[in-house]
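Q: Supplied in structure tokens, the structure appears directly below.
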Amino acid sequence: MKQDFDTRILQLFLVGRMRDFMYNEDGKDEEEVRREGGIIMIENRNVNIIIGDDGNKLVLINDIRFKGKRKIDWDDVKMYLKGYIGDSYVIEENAERIFIGNELPEEYTESESRKSLMGANAKAKANAATAIPELIQIASNPAYEENKNEKHSKNAKFGWYRYDVRFALPVYEENILVRYNIFHARLLINHAENGRKFLYDVLAIKKK
């Protein structure tokens, strides 16, 4: 089944019909879905949301922006993430609006959990930065946890939420697209003192 799904993704990509397979609510076109709520997004991204064989959504990241073979330049990732600050995106499952604040770039790139990532998982986290709007959009299965850390008494006064997400990255051999690797991850969202919810980090990235 997985092989059939991978083959189908490749076929759609190669014949330029990816838009035919995009999740498109209420007949909206791609730009309307992406910019719902007046959000401002980083331009020149090649990211799609598709529906997998299991009926669940998957973010397809078509371009690899951060290509370090042995070492990712996390300063570049941090600078990229700063482009989202001030934006907000809506989780389709529950209509929750998630904001991007000043904490995300630092936590995303400098946390201990990020530093523990190696190889494909590190590369996956770096490139997942290019799909933040879509990852928030497809987030599902929220799990709540009270804040127990005094350090976060303000930015997570009303606790933390974790959401499941999936995304896929292309694999090339001699500049030829041969397959996509699928990754599972969790969005960590803090519920701040001002009542807003902010994306704090993307955790638990693991290749399927």
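Here, each number is a calculation from the coordinates, and none is a lab measurement. Since this is a predicted model, take the numbers as computed values, not measurements. For neighbour counting, all protein chains shown are included, and Cβ atoms are generated from backbone atoms with ideal geometry for every residue, glycine included.
Q: Suppose we filter Arg166, Arg65, Arg162 for residues that are charged (D, E, K, R), assigned to a strand (DSSP E or B), out of contact with any His (no Cβ under 8 Å at 6 or more places or on another chain) and in contact (Cβ under 8 Å) with a residue 24 or more places away in the chain; which single one remains?
A: Arg162
Q: In addition: Identify the single condition in (1) surrounded by fewer than 19 Cβ atoms within 10 Å (Cβ to Cβ); (2) assigned to a strand (DSSP E or B) that Asn147 does not satisfy, given that it satisfies every other one.
A: Only one criterion is unmet by Asn147, namely (2).
Q: Still on this structure: Where residues in region 136-156 are within 22 Å of Ala95 (Cβ to Cβ) and small (Gly, Ala, Ser), which of them is nearest to the chain's Cα centre (by Cα)? Show your work before the answer.
A: Residues of region 136-156 that are within 22 Å of Ala95 (Cβ to Cβ), as a first pass: 136-145, 156.
Subset that is small (Gly, Ala, Ser): 139-140, 143, 156.
Working: Ala139: 9, Ser140: 12, Ala143: 18, Ala156: 21 Å.
Among those residues, the one meeting the criterion is Ala139.
Q: Here is a follow-up. Can you pull out the residues in region 68-109 that are acidic (Asp, Glu) and outside any helix (DSSP H, G or I)? Talk me through it step by step, then tell me what you get.
A: Initial filter on region 68-109 (acidic (Asp, Glu)): 73, 75-76, 87, 92-93, 96, 103, 106-107.
Listed by number, the residues that qualify are Asp73, Asp87, Glu92, Glu93, Glu96.
Q: Scan (1) part of a loop (DSSP other than H, G, I, E, B); (2) buried (at least 17 other Cβ atoms within 10 Å of the Cβ) for the single condition Leu135 breaks and write down its number.
A: (1)
Q: Here is a follow-up. Take the conditions among the hydrophobic types (A, V, I, L, M, F, W, C), surrounded by 15 or more Cβ atoms within 10 Å (Cβ to Cβ) and in contact with a Lys or Arg (Cβ under 9 Å, 6 or more places away or on another chain) and apply them to Val165. Does it pass? It would help to see each step written out before you state the result.
A: Details: among the hydrophobic types (A, V, I, L, M, F, W, C): yes; surrounded by 15 or more Cβ atoms within 10 Å (Cβ to Cβ): yes; in contact with a Lys or Arg (Cβ under 9 Å, 6 or more places away or on another chain): yes.
Taking the combined requirement at face value, the residue satisfies it.
Q: Within region 50-62, take every residue that is in contact (Cβ under 8 Å) with a residue 40 or more places away in the chain and in a loop (DSSP other than H, G, I, E, B) and give me the one that is farthest from the chain's Cα centre (by Cα).
A: Taking region 50-62 and keeping what is in contact (Cβ under 8 Å) with a residue 40 or more places away in the chain, we get 50, 52-53, 56-62.
If we keep only those that are in a loop (DSSP other than H, G, I, E, B) too, we end up with 52-53, 56, 62.
Working: Gly52: 16, Asp53: 20, Asn56: 15, Asn62: 13 Å.
Among those residues, the one meeting the criterion is Asp53.
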